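Student: This is the structure, below, for whatever I ask next.
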């Protein structure tokens with residue numbers, strides 16, 4: 001799981017952390033530096049406990065846009081109350097994280113990383129003339145500036161080290177991952193917001209002791225509860241969406257699971273061309289729902305063998321519009337609607353319903369079109385067996401420039417190379433003949449034919 | 001083409017504000033207005049030395065900021081937790097560091113500062129064309145005033161006590177203020193949606209307690225932090241509050257999207273020509289109104305709404321639309337099959353089992369089986385039958401005839417449900433869900 005380069009990197013981070021902490025601790029010992037609050041050891045233990053409690057609350061959200069870890073507030077409180085070495089000790093508590101699924105390498109890395117964060121923040125705080133336990137209001141303005149600097153350094157070191165491990169080892173589940181690629185701004189903002197709590201704890205400590213930490217935990221827990229609810233609702237939402245899409249597909253035996261697979265393909269492409277997390281989420285749903293308008297097309301048209309009359313062809317051409325009608329009121333990104341509306345446009349302008357060409361076609365639609373055609377070719381139809389992946393990719397390449405966007409096609413091919421496509425199980429022969437569609441309007445190898453008038 | 005026409009949702013007619021007023025709201029507005037007048041009068045009589053100007057400005061700004069960042073909660077509610085923290089902390093401020101001067105101000109000053117802060121914070125909303133949220137502001141003002149009138153007279157008494165006592169008193173008075181806020185909110189909501197007051201209170205308490213807990217703890221932190229560090233502390237404190245609020249916003253957002261999605265996808269039956277246009281939405285609206293009249297709590301109402309929206313989803317498994325669309329005209333065996341198929345579709349999701357249950361029993365007669373169908377199923381059955389017979393028409397004779405037919409069939413339709421349905425259909429409530 002952990003690549004060799006990443007192992008090396010983790011070893012490096014751990015040793016640097018150990019050496020630095022030892023060095024600074026030694027210097028503090030030489031200077032006979034004692035934290036100026038009454039029971040420093042008790043404070044250390046309390047803050048470590050706070051760290052662990054906060055750390056156990058990193059709520060992973062399904063979209064993986066953010067991970068909420070307010071544990072930095074404990075480290076930063078230690079920066080103000082106790083000084084850099086002790087802050088590093090609070091950070092090192094991440095070793096003992098209550099998240100059971102963490103592997104040893106991850107624990108070591110997290111412990112070393114947070115220790116380094118605490119140390120760096122503590123040194124910054126001192127360098128900016130922050131006073132350790134100077135909670136008299138006289139110099140509060142000074143403290144505020146120094147604390148802001150310390151919090152910024154904490155966030156930078158934290159994300160910098162994580163970024164390193166990510167570069168070396170994609171796909172490894174570090175305790176706080178995925179952040180950098182998606183909404184960095186949101187993550188940084190929430191980190192800085194929580195960092196402020198460190199100063200609040202530190203300032204209340206003088207009058208309330210440990211109760212300050214307990215008090216601060218309440219809003220944190222409520223925030224975590226809300227995030228948990230959010231994640232739960234999001235899961236429920238996805239599951240419901242899936243079930244409804246399946247219901248829509250029951251009408252047509254051979255295209256069952258089509259929406260799901262197109263959604264998968266579209267997400268693969270979206271990742272490959274580095275779409276933002278939010279847009280990837282939207283294209284996932286757009287892919288799932290792209291054919292929902294087919295319900296408005298009479299079954300007898302969908303099942304007709306042989307060429308279609310003008311009217312029948314028009315009915316089929318209208319299905320993206322019908323889909324749009326259904327999903328228009330969902331609070332989607334506007335782009336997802338565009339994707340559904342235009343997924344049958346062609347690069348050369350001969351598609352439907354609008355006949356857009358080239359880059360007039362919205363990006364979502366160009367992505368969905370490729371995933372759509374690919375799935376249609378690689379699944380069994382009543383008039384032919386499923387084609388192989390190689391054949392389908394060849395067809396896509398052939399159509400690049402005329403039917404498909406070449407950039408999207410290349411991205412899809414690259415994505416499939418990196419992460420092989422799971423072929424669906426070949427469909428067993430249907431038992432109910434009324435559920436068989438003879439023509440597949442998505443299939444580029446068998447285009448719809450219209451009777452010449 | 002056989003596809004049904006798309007039902008275009010008519011936008012709810014915009015009522016003038018005074019038309020939407022009802023007794024509870026008028027009472028609230030009058031109370032808030034009287035408070036503001038009293039505060040203005042008190043302010044004039046006040047000697048400038050009695051006002052801690054810096055504190056008033058800092059907390060007023062905090063309140064305005066909080067009003068600016070309001071929070072939409074599930075069910076169309078609106079809260080302003082940050083404004084609430086600011087106002088409550090100002091009402092119960094015990095002391096500030098020496099150089100900020102004394103804080104022995106009057107309760108009326110608190111009312112004035114809160115009112116001004118809220119108004120300033122509401123101005124950008126008005127400028128952006130959103131609703132000013134007057135009702136919510138008045139509710140908060142009344143709650144804050146209660147706290148201020150209780151706490152300001154005893155400030156020096158509390159200030160002299162031990163720290164533990166101080167925290168305890170602050171917490172208790174906050175709970176009183178928060179309960180006032182919740183009760184007034186429930187009163188207004190009960191009026192708005194036509195729910196029973198007792199049910200509305202329970203709903204409100206269940207929904208608001210996590211937020212109340214966070215606000216309460218934040219108030220305590222703000223009060224003692226300000227005592228220790230002065231007003232700059234408020235600046236530091238606003239960060240974590242915003243982050244917490246963000247978490248709530250995401251939660252409320254996904255709930256809203258979820259509901260919109262089910263509403264939209266439930267219409268696939270209409271687009272595919274299985275049912276008449278607008279049917280599922282009308283049935284769900286009726287069902288929710290009846291459920292509310294029967295005193296269902298909010299989570300049950302949500303399940304009822306989902307079930308009513310998707311009650312025809314089982315028809316998608318039929319290869320051809322039923323002529324005319326109405327399930328009422330289908331044989332009981334087919335009705336049961338459609339209900340079963342629909343329940344299977346919804347059960348597939350794995351997270352909506354209660355909804356699936358309601359859909360499964362929607363065709364079962366109200367009497368004759370033991371145990372009978374769940375209340376929600378009986379409501380959907382009645383609402384569905386009513387809409388099948390009456391449709392979108394507002395003809396009173398047609399609706400009376402439909403109700404009469406249902407009344408004469410107490411085995412099929414539960415008498416209690418039909419009675420409330422008659423009441424709801426007679427009202428034809430404005431469709432605020």
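Every read-out reported here was derived from the displayed coordinates using simple, explicitly stated rules and does not represent laboratory data. Just so it is clear, the structure is predicted and the values come from calculations on it, not from any experiment. Methodologically, a virtual Cβ is constructed for each residue, glycine included, from the backbone with ideal geometry; neighbour enumeration extends over all protein chains shown.
Student: What is the extension gain from residue A:419 to residue A:311, computed as 0.36 nm multiplied by their sequence separation minus the C-alpha to C-alpha distance, in nm to one decimal?
Tutor: Once the chain is fully extended between residue A:419 and residue A:311, it gains 34.7 nm.
Student: Same structure, new question: What is the packing order of peptides B:122-132, A:104-114, taking the mean over residues of other C-beta atoms within 10 Å and listing the highest first?
Tutor: Taking the mean over residues of other Cβ atoms within 10 Å, the ranking is A:104-114, B:122-132.
Student: Let me ask you something else. Need one word for region A:250-435: rounded, prolate or oblate. Basis is the Cα gyration tensor (sqrt eigenvalues a ≥ b ≥ c); a/c below 1.5 gives rounded, then a/b vs b/c decides.
Tutor: rounded
Student: Suppose each label sits 7 Å from its Cα in the direction of the beta carbon; what would the residue B:407-residue A:8 distance come out to in nanometres?
Tutor: 8.7
Student: If neighbour count is taken as other Cβ atoms inside 10 Å, put A:230, B:62 in order from fewest to most.
Tutor: Ranked by crowding around the Cβ, least crowded first: A:230, B:62.
Student: Using R₀ = 51 Å, calculate the FRET efficiency as 1/(1 + (r/R₀)^6) where r is the Cβ-Cβ separation of residue A:250 and residue B:168; round to 0.05.
Tutor: With a Förster radius of 51 Å, E is 0.25.
Student: In percent, how large is the relative contact order of region A:250-435, given Cα pairs closer than 8 Å and 6 or more residues apart?
Tutor: Working: 252 pairs, mean separation 42.3, N = 186.
After rounding, I find 23 percent.
Student: Now for a different question. Averaged over A:214-225, how many beta carbons belonging to a partner chain fall within 10 Å of each residue's beta carbon? Intermediate results must be reported in sequence, preceding the final value.
Tutor: Numbers: counts 1, 7, 4, 1, 8, 13, 5, 5, 13, 10, 2, 7.
That average works out to 6.
Student: State the extension gain, in nm to one decimal, for the chain segment bounded by residue A:385 and residue A:214, taking 0.36 nm per residue of separation less the distance between their alpha-carbons.
Tutor: 55.1 nm
Student: Here's another thing I want to ask about it. Quick check on packing: order B:169-182, A:337-350 by the mean number of other C-beta atoms within 10 Å, highest mean leading.
Tutor: A:337-350, B:169-182
Student: Let me ask you something else. To make sure I understand, if each residue's beta carbon is the centre and we count other beta carbons within 10 Å, what order do A:359, A:166, A:441 fall in, fewest to most?
Tutor: In order of increasing Cβ crowding within 10 Å: A:359, A:166, A:441.
Student: Same structure again: In degrees between 0 and 90, to the nearest 10, how far off the longest principal axis of chain B does helix B:53-68 point, with axes built from Cα atoms?
Tutor: Long axis of B:53-68 versus the principal axis of chain B: about 10 degrees.
Student: Can you compute the FRET efficiency between residue B:46 and residue B:126 using 1/(1 + (r/R0)^6), with r the Cβ-Cβ distance and R0 = 30 Å? Round to the nearest 0.05.
Tutor: Numbers: r = 29 Å, r/R0 = 0.96.
Once the sixth-power term is evaluated, E becomes 0.55.
Student: Still on this structure, I have one more. Defining a contact as two alpha carbons under 8 Å apart and six or more residues distant in sequence, what relative contact order in percent does chain B show?
Tutor: 15
Student: Turning to a different aspect of this structure: In peptide A:198-204, how many Cβ atoms from other protein chains are near each Cβ within 10 Å, on average?
Tutor: 6
Student: Which of the peptides A:212-220, A:122-130 is most tightly packed, and how do the rest follow, judged by the mean count of other Cβ atoms within 10 Å per residue?
Tutor: On the way: A:212-220: 21.7, A:122-130: 19.8.
The densest-packed peptide leads the list: A:212-220, A:122-130.
Student: So the label point goes 7 Å from the Cα of residue B:205 along Cα→C-beta, right? Which residues of region B:280-317 then have their backbone N under 18 Å from it?
Tutor: It comes to B:295-300, nothing else.
Student: Note the full-extension length gain between residue B:53 and residue B:38 as 0.36 nm times their separation in residues minus their Cα-Cα distance, in nm to one decimal.
Tutor: Between residue B:53 and residue B:38, full extension yields an extra 3.4 nm.
Student: Place a point 7 Å from the Cα of residue A:207 along the Cα-to-Cβ direction; which residues of region B:137-162 have their backbone N under 16 Å from it?
Tutor: Within reach of a label on residue A:207, which here means backbone N under 16 Å from a point 7 Å along Cα→Cβ, region B:137-162 contributes B:155-162.
Student: Sticking with this one: Using Cα-Cα distances under 8 Å and only pairs 6 or more residues apart, what relative contact order does region B:266-427 have, in percent?
Tutor: Answer for region B:266-427 is 24 percent.
Student: According to a simple spin-label model (label point 7 Å from Cα along Cα-to-Cβ), what is the distance in nm between residue A:334 and residue B:415?
Tutor: 5.7
Student: For residue A:163 and residue B:394, what does the FRET efficiency come to when R0 = 56 Å and r is the distance between their Cβ atoms, rounded to the nearest 0.05?
Tutor: 0.35
Student: How would the protein assembly as shown be classified by its alpha-carbon gyration tensor: rounded, prolate or oblate, with rounded meaning a/c under 1.5 and the a/b versus b/c comparison settling the rest?
Tutor: It comes out oblate by the Cα gyration axes.
Student: Using a 10 Å cut-off around each Cβ of peptide B:338-350, what is the average number of partner chain Cβ atoms that fall inside? Each step should come with its number before you reach the end.
Tutor: On the way: counts 0, 0, 0, 2, 1, 0, 2, 6, 4, 1, 7, 11, 6.
Across the residues of B:338-350, the mean count of other-chain Cβ atoms within 10 Å is 3.
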